[in-house]
Amino acid sequence: MASPMDIARAEIGVRDIPGPKYNPRVEEYLNSTGLDTNSDETSWCSAFVNWCVTKAGLAGTNNATARSWLKWGRPLVDPVPGCVVVLWREHPDSWKGHVGFFDGMDHGRIRLLGGNQGGGVDWDEVCFALFPADRLLAYRAPLP
């Protein structure tokens, strides 16, 4: 069976659509968390990770919030390729966050493969993006 990271790689380029139209694939990601939506305007990074993890035959968080991944699996001290990375957004104590799959470090920044990132002003996509390492909350791996 493919790994969550392999599944995520196959989705590179999927993007949301600004305005009243929506991408059915992004809606599928969101629905994997139990959200019944027909809009891709909802932040969907956690839904994308959940979709990839469940497609790989693992239990996800089934939650659309990025920080739900802080309680998933087991913590890692050092990241391994494909592990789940949870970052804070706006403030370390905020409920907001971002989540994706670890793809390496680049000059002190964390390289993530994830959804709802790296796009333009009006849209986001599944892609690789760099994030400041000081935004790290956790590295997580599936339970053995």
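No lab work stands behind these numbers, since they all come straight from the coordinates. Just so it is clear, the model here is predicted, and its values are computed rather than measured. Reconstructed Cβ throughout: ideal geometry from the backbone, glycine too, with neighbour counts over all protein chains shown.
Computed values, structure above
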{"quantity": "Signed unit charges on C-beta, dipole axis of region 4-141, positive-most listed residue Tyr29, Phe102, Trp44", "calculated": "Phe102"}
{"quantity": "Listed peptides 14-26, 45-57 by packing density, highest first (mean Cβ within 10 Å)", "calculated": "45-57, 14-26"}
{"quantity": "14 Å Cα-Cα reach of Lys55 towards aspartates and glutamates, excluding residues that sit fewer than 8 places from it in its own chain", "calculated": "Asp6, Glu11, Glu28"}
{"quantity": "Charged-residue dipole, Cβ positions (Lys, Arg, Asp, Glu), region 36-116 about Cα centre, Debye nearest 20", "calculated": "220"}
{"quantity": "Separation in nanometres of the label points that stand 7 Å from Cα toward Cβ, at Asp93 and Asn62", "calculated": "3.3"}
{"quantity": "Expected 222 nm ellipticity per residue - DSSP helices of 4 or more, -39500 (n - 2.57), all of the chain, to 500", "calculated": "-4500 deg cm²/dmol"}
